[in-house]
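The values are calculated or read from the model by the stated rules, or taken from the named source; none is laboratory data. Note that the structure is predicted; figures quoted are calculated from it, not measured. Note: ideal-geometry Cβ built from the backbone for every residue, glycine included; neighbour counts use all protein chains shown. Please note that ligands, DNA and RNA were not included when accessible areas were found on the heavy atoms of the full protein model with its side chains. Shrake-Rupley method; radii C 1.70, N 1.55, O 1.52, S 1.80 Å.
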Amino acid sequence: MSIVTVQLGQCGNQIGHEVFNAICSDVHGTHGLCSKKENESYHDACKERFFSEEKSGVPVARAVLVDMEPKVISQALSIAARSGYWKYDDRSHFCQKQGSGNNWANGYSVHGPKHKDIIMNLVQKEAEKCDRLSGFFTIMSMAGGTGSGLGAFVTQCLKDAFPASFILNHVIWPYGTGEVIVQNYNSVLTLSHLYHSSDALLVHENDVIHKICAQLMNIKQISFRDVNQVIAHQLGSVFQPIYTAEGALHYSRSPLGDLMETLVPHPEFKMLGLRNIPQMPESSLAYSSFSWPGLIKHLRQMLIANATMEEGIDWQVRLPRPGSSIPSKHSTSKLLHFNTSIANLVILRGKDMHSADLGSFQDPVLYTSWLTPQDAFNLWKTPRAFNKYEKSAALVSNSQFLLKPLDNLVGKAWNMFASKAYIHQYTKFGIEEEDFLDSFTTLEQVISSYTTL
């Protein structure tokens, strides 16, 4: 089944471009490290999922590009076409001459309704090219105006127009130090609206990816492209073809459906985080070797200690043993102990993955009491290596990983709102104080639900 990607705003279009690049580089690389037959079925499954075929033989991305300024989209179109490996459909984009001015309300209340028919027409045409549609993967930032405001509006339109299709929103969490003065308002409004219309939110934090670029990839002067390439690699490690059952003969047919079924057992909990190991510069790969026990041990501790990368993991954080006293559900000290999960998915790619023992991820203490480890944990794998790594592992987790950043974000936005700072910029586009209060209420409920796991 195919996925239609909807790239929204400057950030969404730049990341979307890197995602298709990463997927193509993986497919065309000579590093599959598996049988020819395996590699061919992987190649075919990937093409059906992300690309449609043109007479020229160059795969065309199943994507719709939307921005209120033309520069980023025109760059993405021309760079993709020049690559020779893939391209965008020249008729599957929409842009204007004037942006949203980093104002969520402008994107949501003005640009959204004004351009709804054109954008949804492009999406409909892209969906009709799919023999079987798995769903939509939207990519957007929360900080600005177009990705966040227009992105939230388009997500609601997708839900209304395609009620039977899955919607996964990939959301970029802004730098804590601030990119835009009203980014906390924009983020609160985006998250609360997406929570009502999306099936799941897959979140990447800019601060975390920046740290990975500096400490793991050894990049001295980090650009947005560096950050986007790390994000694209992590997304590719999840979305490239995979076997979702032991002994399966075919790659997963419904990538988004399988992901939702595995990770979102309850509509109150739909925040997904992604951890990926190993991550290192290509120049270091020749001098590195990895074992499955080592990768799995690190990945599990990253989950327990809520670590964002394999460097600097706090190994002191331990799971309570049966019979030991566990802090009460409402005690804040529980958050300092370990990261409680609702559901976890581990994806292994590379040789000898059948020898990997994931029993440590099935400890009942890791999970909330209302799901058994058999329901809460899933393992997907393939012998086909991913993007130059002989062995690699990804963890997609529905857990308390975002509690602290979400609490901080809502707190900062509330402090501004309490003093009525910048509210007038939103009310002039029709977003009233009531709308803000509704958004705060939605996110306070999300925080409360995850806190009491």
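Take V203 and decide whether it is crowded, with 24+ Cβ neighbours inside 10 Å, modelled with pLDDT of 95 or more, among the β-branched types (V, I, T) and under 14 Å from the mean Cα position of the chain (by Cα).
Considered against the rule, which asks whether it is crowded, with 24+ Cβ neighbours inside 10 Å, modelled with pLDDT of 95 or more, among the β-branched types (V, I, T) and under 14 Å from the mean Cα position of the chain (by Cα), V203 comes out as no.
Looking at Y389, Y367, Y422 in this structure, which one is aromatic (F, W, Y) and closer than 30 Å to N103 by Cβ? Quick ask: steps written out before the conclusion?
Working: Y389 fails: closer than 30 Å to N103 by Cβ; Y367 fails: closer than 30 Å to N103 by Cβ.
Result of the check over Y389, Y367, Y422: Y422.
Looking at L168, L158, which is the one that is of a type outside the set (K, R), over 21 Å from C95 (Cβ atoms) and out of contact with any Gly (no Cβ under 6 Å at 6 or more places or on another chain)? Before the answer, list the steps.
Values: L158 fails: over 21 Å from C95 (Cβ atoms).
Answer to the check: L168.
Please state which one of S397, S369 is open to solvent by less than 20 Å² (accessible area, probe 1.4 Å) and either of a type in the set (D, E, K, R) or not in a helix (DSSP H, G or I) (or both). I'd like the intermediate steps shown before the answer.
On the way: S369 fails: open to solvent by less than 20 Å² (accessible area, probe 1.4 Å).
Checking each option against the conditions leaves just S397.
Which number in (1) buried (at least 20 other Cβ atoms within 10 Å of the Cβ); (2) within 30 Å of P281 (Cβ to Cβ) marks the one condition that H193 misses?
Looking at each condition in turn, H193 falls short on (2).
Need pairs with beta-carbon distance below 6 Å; first residue free of Cβ contacts under 8 Å to residues at least 24 places away in the same chain and on the phi > 0 side of the Ramachandran plot and within the range 294-315, second open to solvent by less than 20 Å² (accessible area, probe 1.4 Å) and among the charged types (D, E, K, R); sequence gap 6+ or separate chains.
Between residues of the range 294-315 that are free of Cβ contacts under 8 Å to residues at least 24 places away in the same chain and on the phi > 0 side of the Ramachandran plot and residues that are open to solvent by less than 20 Å² (accessible area, probe 1.4 Å) and among the charged types (D, E, K, R), there is no close pair.
For the range 109-123, does any single residue satisfy the condition of being under 18 Å from E53 (Cα atoms), under 22 Å from the mean Cα position of the chain (by Cα) and of a type outside the set (F, W, Y)?
yes
Scan the range 24-53 for residues that are acidic (D, E) and either more than 18 Å from T5 (Cα to Cα) or open to solvent by less than 30 Å² (accessible area, probe 1.4 Å) (or both) and jot them down.
Matches in the range 24-53: D26, E38, E40, D44.
Identify, from the list G176, G147, the residue that is open to solvent by 20 Å² or more (accessible area, probe 1.4 Å) and in contact (Cβ under 8 Å) with a residue 60 or more places away in the chain.
Exactly one residue qualifies, and that residue is G176.
Select from the range 404-435 the residues that are open to solvent by less than 30 Å² (accessible area, probe 1.4 Å) and either more than 18 Å from V180 (Cα to Cα) or acidic (D, E) (or both) and list them in ascending order.
I431
Quick check on the range 116-126: of everything there that is in contact (Cβ under 8 Å) with a residue 24 or more places away in the chain and either touching a Gly at 6+ places or on another chain (Cβ under 8 Å) or open to solvent by 10 Å² or more (accessible area, probe 1.4 Å) (or both), which residue is farthest from F429 (Cα to Cα)?
Once the filter is applied, the top-ranked residue is K125.
Kindly provide the set of residues from the range 239-291 that are at pLDDT below 85 and of a type in the set (F, W, Y), ordered by number.
Y287
How many residues are of a type in the set (G, A, S) and surrounded by 12 or more Cβ atoms within 10 Å (Cβ to Cβ) if we restrict to the range 277-298? Even if it seems obvious, please write down each step before you answer.
Step one: of the range 277-298, the residues of a type in the set (G, A, S) are 283-284, 286, 288-289, 291, 294.
Now drop any that are not surrounded by 12 or more Cβ atoms within 10 Å (Cβ to Cβ), which leaves 284, 291, 294.
Number of matching residues: 3.
Conditions tested, residue by residue: (1) within 16 Å of the chain's Cα centre (by Cα); (2) of a type in the set (A, V, I, L, M).
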site	(1), (2)
Q221	no, no
V227	yes, yes
I231	yes, yes
L235	yes, yes
I242	no, yes
Y251	no, no
S254	no, no
V264	yes, yes
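Suppose we filter the range 59-115 for residues that are open to solvent by less than 60 Å² (accessible area, probe 1.4 Å), within 30 Å of S25 (Cα to Cα) and hydroxyl-bearing (S, T, Y); how many remain?
Of the residues in the range 59-115, 4 are open to solvent by less than 60 Å² (accessible area, probe 1.4 Å), within 30 Å of S25 (Cα to Cα) and hydroxyl-bearing (S, T, Y).
Kindly provide the set of residues from the range 231-273 that are open to solvent by less than 10 Å² (accessible area, probe 1.4 Å) and more than 24 Å from S41 (Cα to Cα), ordered by number.
Those that are open to solvent by less than 10 Å² (accessible area, probe 1.4 Å) and more than 24 Å from S41 (Cα to Cα): I231, L263, M271, L272, G273.
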